[in-house]
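Peer 1: Can you keep this structure in mind? I'll have questions shortly.
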Amino acid sequence: MLQKKFEKVVLENYPVALDTRDTSIRYLGQLQNGHDIDVSKILMATSLCSDDINIPSTSFFSVVWGPFFLGGLGGLPYAGLTGMTAFAHHIPDNGTAFIFYGPHIGVTLENEVGRMYRPGQEKGGACCGALMLALERFQDDLYVPKLSQKDYQQSYLESLLYPRREEILADTSPQRKITECTFELIDKMLHEYLREVKDEFKVDKIGLLGGIVINTDFGIDDYFSVRNFEVISTKYL
Ligand SMILES: [Zn+2]
């Protein structure tokens, strides 16, 4: 019942979203049947936000190995070229690389977007915290992000999003917009890194599944709104 109520809110904001279970079934199925990939030899990397709330969405029924964590705050692949190279070196012989990536956003039953009720907490809070903090700071006209060694991930995330500040603030849902912009950043960075270290992959295929993770409530499935699914041949990178 509660799941159905959440689904209504999720689909209002993300009409093509599937719950985590259906996402796993659909895309593992496509890798196996559509691309002739042995899922028992897949090593997964993730580029998702550090937030603990994302852990359950990434299980893929535990049929794949991993994950190798490429991501940090907001989901950007902070592990960089060295991280991508290490991931490439860890894939089983004759196996396949698979990268699951994207930012995340909470929703509440009251249709608040960018917020959620966390396990064990009575009050709702921001989700994704990093993106909602960036958004709050961007609302101050005088704010300009500055790279900080002590707050490297957040300051880097903000500096990459800052050029799109006006577009984000002008949107009917700045919370959704900043999340989409972050997806585009992660997607671009991952493709760049893959091209740069392609020779490190000793496998033929790299599967990519990217989109927006939508966090609901404790005990209720999360959802995923796909933005990119592709299987790249390492020969054509
Ligand atoms: Zn987050």
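Peer 1: Only residues in region 142-166 that are within 21 Å of Asp187 (Cα to Cα) and buried (at least 16 other Cβ atoms within 10 Å of the Cβ) count as the first member; pair them with residues that are at pLDDT 95 or above and among the small types (Gly, Ala, Ser), Cβ under 7 angstrom, at least 6 apart or cross-chain, and list the lot.
Peer 2: Gln153/Gly72; Gln154/Ala130; Ser155/Ser148; Leu157/Gly74; Leu157/Ala130; Leu157/Ala134; Glu158/Ala134; Leu161/Ala134
Peer 1: Okay, next question. Among (1) among the hydrophobic types (A, V, I, L, M, F, W, C); (2) assigned to a helix (DSSP H, G or I); (3) in contact (Cβ under 8 Å) with a residue 40 or more places away in the chain, there is one condition Cys181 misses while meeting the rest; what is its number?
Peer 2: Just one mismatch for Cys181, condition (3).
Peer 1: Taking the conditions exactly as written (over 17 Å from the mean Cα position of the chain (by Cα) and either at pLDDT below 95 or crowded, with 21+ Cβ neighbours inside 10 Å (or both)), does Ile186 satisfy them or not?
Peer 2: Judged against the criteria, Ile186 is not a match.
Peer 1: Take the residues of region 48-86 that are surrounded by fewer than 19 Cβ atoms within 10 Å (Cβ to Cβ) and within 10 Å of the ligand (Cβ to nearest atom): which is farthest from the chain's Cα centre (by Cα)?
Peer 2: Only one residue tops the list, namely Asp52.
Peer 1: Please count how many residues of region 92-112 are touching a Lys or Arg at 6+ places or on another chain (Cβ under 6 Å), part of a strand (DSSP E or B) and of a type outside the set (S, T, N, Q).
Peer 2: Counting residues in region 92-112 that are touching a Lys or Arg at 6+ places or on another chain (Cβ under 6 Å), part of a strand (DSSP E or B) and of a type outside the set (S, T, N, Q) gives 1.
Peer 1: Suppose we keep only residues that are free of Cβ contacts under 8 Å to residues at least 60 places away in the same chain and in contact with a strand residue (DSSP E or B) (Cβ under 8 Å, 6 or more places away or on another chain) within region 87-116. Which one would you say is surrounded by the most Cβ atoms within 10 Å (Cβ to Cβ)?
Peer 2: So the residue we want is Phe87.
Peer 1: Of everything in region 95-138, what is closer than 26 Å to Leu160 by Cα, β-branched (Val, Ile, Thr) and more than 12 Å from the ligand (Cβ to nearest atom)? Give them in sequence order.
Peer 2: Passing the criteria: Ile99, Val107, Val113.
Peer 1: Please work out if Leu11 is under 20 Å from Phe183 (Cα atoms) and at pLDDT 95 or above.
Peer 2: Yes; evaluated as a whole, the condition is true for this residue.
Peer 1: Sort through Arg227, Arg195, Arg176 and tell me the only one that's over 30 Å from Asp38 (Cα atoms), in contact (Cβ under 8 Å) with a residue 12 or more places away in the chain and of a type in the set (Lys, Arg).
Peer 2: Arg176
The values are calculated or read from the model by the stated rules, or taken from the named source; none is laboratory data. Nothing here was measured: the structure is a model prediction, and the numbers come from that model. Note that we place each Cβ from the backbone using ideal geometry, even for glycine, and neighbour counts take in every protein chain shown.
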